[in-house]
Amino acid sequence: MSERSLGERAFIGLQYLLPQNLLSRLVGWIAESRIGLVRSALIRLFLGRYPVDLAEAARSDPSAYASFNDFFTRRLKAGARILDADPRAALCPADGVLSQAGPIAGDTLLQAKDIDYSAAALLGGDAALAAEFSGGAFATIYLAPHNYHRVHMPLAGTLRLARFVPGDLFSVNATTAASVPGLFTRNERVACVFDTASGPM
């Protein structure tokens, strides 16, 4: 593990100390605010900090969004992504960086040197469900703040299960993934299982 800067250590340390649920509710309330000054100031600050490509958005005018969250989860305009027409192709489900991908060895998904995850733990402790994915493959995709923040089906399939798994609310980025033990299994999440022609997903 590389040496963390003082700023990175402070960022991680604060996440252990701050009331995550209260802070999440407060940020959610602000992000959903439809007060014009709040909404426009947040969007303007965000656009000043991150390289958002509004040319590919269905609404390219920042003032056309009802709230910051409406802007953050913006739709793409038709044709913004070229999709493989082959029904057997697996498409990337989200914009972002493919940080890890590989085989699921038994119950293990290797994320990086000395960091691995249990499929059962990711699925909320369901070992029987996790066994269905043994010998399969996984991918971890990191969405940066400027990325398009919607997730799509990579294969045609039917939703079999959506399970809420309670947990912490640590920020997810390269720094916390390498520094917070078990980040992906300790964070709150929804585990969705789909049945596809290629097997469970």
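Each residue in the stretch 67-90 was checked for being in a loop (DSSP other than H, G, I, E, B), open to solvent by less than 50 Å² (accessible area, probe 1.4 Å) and within 30 Å of Glu32 (Cβ to Cβ), and 4 pass. Of all residues in the stretch 176-183, none satisfies being touching a residue at least 24 places away in the same chain (Cβ under 8 Å) and open to solvent by 60 Å² or more (accessible area, probe 1.4 Å). Residues in the stretch 32-66 that are in a loop (DSSP other than H, G, I, E, B) and of a type outside the set (Asp, Glu): 11 in all. Among all positions in the stretch 120-136, there is no residue which is surrounded by fewer than 17 Cβ atoms within 10 Å (Cβ to Cβ), out of contact with any Lys or Arg (no Cβ under 9 Å at 6 or more places or on another chain) and modelled with pLDDT under 90.
Out of the residues in the stretch 137-165 that are polar (S, T, N, Q) and more than 20 Å from Lys77 (Cα to Cα), which is surrounded by the fewest Cβ atoms within 10 Å (Cβ to Cβ)? In this case the residue turns out to be Thr158. One residue alone among Ser5, Ser33 is among the polar types (S, T, N, Q), open to solvent by less than 80 Å² (accessible area, probe 1.4 Å), over 22 Å from the mean Cα position of the chain (by Cα) and over 22 Å from Leu183 (Cβ atoms), and that residue is Ser33.
Would you check which residues across the stretch 82-119 are at pLDDT 90 or above, under 25 Å from His149 (Cβ atoms) and hydroxyl-bearing (Ser, Thr, Tyr) and list them? Passing the criteria: only Tyr117. The residues on offer are Asp95, Asp116, Asp168, and the sole one that is among the acidic types (Asp, Glu) and in contact with a Lys or Arg (Cβ under 6 Å, 6 or more places away or on another chain) is Asp168.
The values are calculated or read from the model by the stated rules, or taken from the named source; none is laboratory data. Note that the coordinates shown come from a computational prediction; the quantities given were computed from them, not determined experimentally. Methodologically, a virtual Cβ is constructed for each residue, glycine included, from the backbone with ideal geometry; neighbour enumeration extends over all protein chains shown. With ligands, DNA and RNA removed, areas are computed over all heavy atoms of the protein, side chains included. Shrake-Rupley method; radii C 1.70, N 1.55, O 1.52, S 1.80 Å.
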